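Here the structure is laid out as structure tokens; the discussion comes afterwards.
The values are calculated or read from the model by the stated rules, or taken from the named source; none is laboratory data. Values in this document were obtained by computation on a predicted structure and should not be read as measured data. All Cβ positions, glycine included, derive from the backbone under ideal geometry; neighbour counts span all protein chains shown. Side chains are part of the model used for accessible areas, which takes the heavy atoms of the whole protein and leaves out ligands, DNA and RNA. Shrake-Rupley method; radii C 1.70, N 1.55, O 1.52, S 1.80 Å.
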Amino acid sequence: MKTAIIGAGLAGLSCAVTLEKHGHTADIFEHQNEIGFRYEIAQLITPILHAPVNDSVKFFSETYDIHLKPTSNVQKIYVHSENESAYVEGNIGFINMRGEYEESYEKQLAQQLVHSKIHYGNHATHEDISKEYTHVVLATGDPQATQQIQTYDIALASAFAGAIVKGDFVRNEVHTWFNNDFAPKGMGYLLPHSKTEATLVIVYPQYEDDWLQKRNEFWKEMVKQASRTLNQEITIEKEFTIADYMVGKCYYPRIGNTFFVGNCFGATTPFLGFGQTGSILSGIYAAQDICGLGNYEELCKPLYKDYDDSLVLRRAIEGLSNHQMDLVIKSLHNSMVRKMVTEPNMSVLKGLSHLLKPFTSK
Ligand SMILES: Cc1cc2nc3c(=O)[nH]c(=O)nc-3n(C[C@H](O)[C@H](O)[C@H](O)COP(=O)(O)OP(=O)(O)OC[C@H]3O[C@@H](n4cnc5c(N)ncnc54)[C@H](O)[C@@H]3O)c2cc1C
């Protein structure tokens, strides 16, 4: 058996680490010259989107022997709308670094590899690789690679603007903004890396032609809002923009001996555009199947369910005006409602669906 993994991102590396744990090695092809997501930013892993995974660090460590050290655990999440603010406390999730940061999750995964070789600077195509290998894991993080082979249903294409910012932050407190004025049908968020540095982002679907043209305007407003909310002047260090970021899912998780993992599978959940948990899980599941320890299609079923539930929630939230969003946020002041959203034994997605129901049913 000869396995190739195309892409040394979260999904590809989780696959490689799991293969090694079961006595197999893989050749990993990475088109950059070193490990790392294209953007040097912080990201959030939250149980909100994966109900059974309340503590992702513990879960990956105890269940799959994959050890990841986040930058911080999040104890409080603020939700801001045009005129309201509320917060939810508890174990909200973890912040971790991506990209070239030494402690990025992809670098941590690569350090857990012993035998598998990463071939850097190697832009691989499925067509070439599949000639030489018995098993191919497509992990390029890019749905277009999947689309060359099979159907990939696109739910939305998103635009991002973001930056590393400097200021005075509380490490385990995250801020989110839901305001159609500067993140139409999307959101803004601030994830601290430390007491002085954070990632600030807006992300929204590119539904209207002029929303992409107005991105700069939206972004400036986000920075202003963040400074206002946090009552300080936030300064920008390193900006980035992304357009046409596809969120969708493939039709078949596996075709022959090709496995579609991470974003090539459809690991990014449409509600908030988060996909780290699904990417790592899909990589692990593909490895388990290759090692004869499971059936990839079966193992992926909960990921498809998460995706579908999250898409329902996205469509619901997209229908809300700023005024309705104010009312939703206001309802979070009620401790019963807050409990419903953070109840550890309940699907938080379900909790949020209940919360949005009065505002979305006609
Ligand atoms: C700005 C932004 C913010 C985000 N924030 C969050 C968040 O807070 N929480 C969250 O859970 N998710 C977040 N996501 C989503 C998350 O980043 C992705 O779901 C996840 O990285 C997908 O993992 P992957 O392994 O599929 O792809 P990636 O991690 O992107 O890895 C793909 C790898 O394949 C390589 N590659 C590509 N093409 C080739 C090729 N042809 N040959 C060889 N190598 C190739 C790339 O260089 C890269 O190293 C965010 C995404 C973006 C863009």
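Of these, Lys58, Lys76, which one is more than 16 Å from the ligand (Cβ to nearest atom) and closer than 30 Å to Ile329 by Cβ?
Lys76
Picking from Asn33, Asn73, which residue would you name as being surrounded by fewer than 16 Cβ atoms within 10 Å (Cβ to Cβ), in contact with a strand residue (DSSP E or B) (Cβ under 7 Å, 6 or more places away or on another chain) and in contact (Cβ under 8 Å) with a residue 60 or more places away in the chain?
Exactly one residue qualifies, and that residue is Asn73.
Just one of (1) more than 20 Å from the chain's Cα centre (by Cα); (2) surrounded by 17 or more Cβ atoms within 10 Å (Cβ to Cβ) trips up Thr229, so point out which.
(2)
Against the condition under 30 Å from Val57 (Cβ atoms), touching a residue at least 60 places away in the same chain (Cβ under 8 Å) and of a type in the set (Asp, Glu), how does Glu197 come out, does it pass?
No, not satisfied.
Let me spell it out: the conditions are (1) touching a Phe, Trp or Tyr at 6+ places or on another chain (Cβ under 6 Å); (2) of a type outside the set (S, T, N, Q); (3) more than 20 Å from Glu239 (Cβ to Cβ), and Pro192 meets all of them except one. Which number is the exception?
Just one mismatch for Pro192, condition (3).
Residues to consider are Ser14, Ser81; find the one that is surrounded by 21 or more Cβ atoms within 10 Å (Cβ to Cβ), more than 16 Å from the ligand (Cβ to nearest atom) and modelled with pLDDT of 95 or more.
Ser81
Please verify whether region 85-99 includes one or more residues that are of a type in the set (Asp, Glu) and in a loop (DSSP other than H, G, I, E, B).
Taking every residue of region 85-99 in turn, none turns out to be of a type in the set (Asp, Glu) and in a loop (DSSP other than H, G, I, E, B).
Quick one: in region 144-165, of everything that is buried (at least 20 other Cβ atoms within 10 Å of the Cβ) and in a helix (DSSP H, G or I), which residue is modelled with the highest pLDDT?
Filtering region 144-165 for residues that are buried (at least 20 other Cβ atoms within 10 Å of the Cβ) and in a helix (DSSP H, G or I), the one modelled with the highest pLDDT comes out as Thr146.
Just one of Arg314, Arg254, Arg228 is away from the ligand (no atom under 12 Å from the Cβ) and in contact with a Pro (Cβ under 8 Å, 6 or more places away or on another chain); which is it?
That would be Arg314, the only listed residue that is away from the ligand (no atom under 12 Å from the Cβ) and in contact with a Pro (Cβ under 8 Å, 6 or more places away or on another chain).
Conditions: (1) at negative phi; (2) open to solvent by 30 Å² or more (accessible area, probe 1.4 Å); (3) more than 16 Å from the ligand (Cβ to nearest atom); (4) within 23 Å of the chain's Cα centre (by Cα). Lys185 meets all but one. Number of the miss?
Looking at each condition in turn, Lys185 falls short on (1).
Per-residue answers, yes or no, for (1) closer than 30 Å to Glu217 by Cα; (2) open to solvent by 60 Å² or more (accessible area, probe 1.4 Å); (3) modelled with pLDDT under 95; (4) in contact with a Lys or Arg (Cβ under 6 Å, 6 or more places away or on another chain):
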{"position": "Ser104", "(1), (2), (3), (4)": "no, no, no, yes"}
{"position": "Gln108", "(1), (2), (3), (4)": "no, no, no, no"}
{"position": "Gln111", "(1), (2), (3), (4)": "no, yes, no, no"}
{"position": "Ala139", "(1), (2), (3), (4)": "no, no, no, no"}
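Give Ala51, Ala26 a once-over and let me know the one that is within 16 Å of the ligand (Cβ to nearest atom) and either at pLDDT 95 or above or on the phi > 0 side of the Ramachandran plot (or both).
Ala26
Return only the number of the condition from (1) within 17 Å of Pro184 (Cβ to Cβ); (2) among the basic types (Lys, Arg); (3) without any contact (Cβ under 8 Å) to a residue 12 or more places away in the chain that Arg228 does not satisfy.
(1)
Sort through Asp289, Asp309, Asp326 and tell me the only one that's under 26 Å from Asp153 (Cα atoms), touching an Asp or Glu at 6+ places or on another chain (Cβ under 9 Å) and open to solvent by 10 Å² or more (accessible area, probe 1.4 Å).
Of the residues listed, the single one that is under 26 Å from Asp153 (Cα atoms), touching an Asp or Glu at 6+ places or on another chain (Cβ under 9 Å) and open to solvent by 10 Å² or more (accessible area, probe 1.4 Å) is Asp289.
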